[in-house]
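Asker: Here you go, one structure.
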C-alpha cells in the first residue's frame, strides 16, 4: 500500500497522472465509483421529487422556508437580546448609583 502511495505521489509530482490515477482520485473524493454515485443520486432525486410533488412544494418553496426560518431565528435572537439589555439597564439604575455612593462613602475614610 505504501509503495502505491509513493508511486502515486511521484506520478503527481512529475505531472504524469494517467487515467487510472485520476479516476482513483475521483473515486476517493466521491467515496464510491462515479457510476454508482450517479445511480444513487438519481434514486434519491426521484424519491425527493415524489415527496415534494405529494406536498405541492417547489424548490423555491423550500428555499423560502429555510430563509424564513433563519429570519425568524434572527429576529427572535435580537428580541431576546433586547429583553436582556432591558434587564441590565433596569438593574443598573439601582446598582450604579449605589456603587457610586459606596465609593464616595469609603473614599472619606
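Throughout, read-outs are computed from the coordinates displayed, never taken from laboratory work. Values in this document were obtained by computation on a predicted structure and should not be read as measured data. Using ideal geometry, Cβ is built from the backbone for each residue, glycine included, and neighbour counts are taken over all protein chains shown.
Asker: Kirkwood hydrodynamic radius (Cα pairs, Å) of segment 13-109? Write out the running numbers ahead of the final one.
Answerer: Values: mean 1/r = 0.0486 Å⁻¹.
That comes to 20.6 Å for segment 13-109.
Asker: Once the Cβ-Cβ distance between residue 53 and residue 23 is put in as r, and R0 is 30 Å, what FRET efficiency do you end up with, to the nearest 0.05?
Answerer: Numbers: r = 36 Å, r/R0 = 1.20.
The formula returns an efficiency of 0.25 here.
Asker: Let me know the Kirkwood hydrodynamic radius for segment 58-109, please, with Cα pairs as the basis and the value in Å to one decimal. Mind dumping the intermediate values first?
Answerer: Values: mean 1/r = 0.0689 Å⁻¹.
Hydrodynamic radius (Kirkwood, Cα pairs) of segment 58-109 is 14.5 Å.
Asker: For residue 38 and residue 67, what is the calculated FRET efficiency with R₀ set at 25 Å and r taken between the beta-carbons, to the nearest 0.05?
Answerer: Values: r = 30 Å, r/R0 = 1.20.
FRET efficiency, residue 38 to residue 67: 0.25.
Asker: For the modelled label position 7 Å from the Cα of residue 75 along Cα-to-Cβ, which residues of segment 49-69 have backbone nitrogen atoms closer than 11 Å?
Answerer: Counting only backbone N, you get 68-69.
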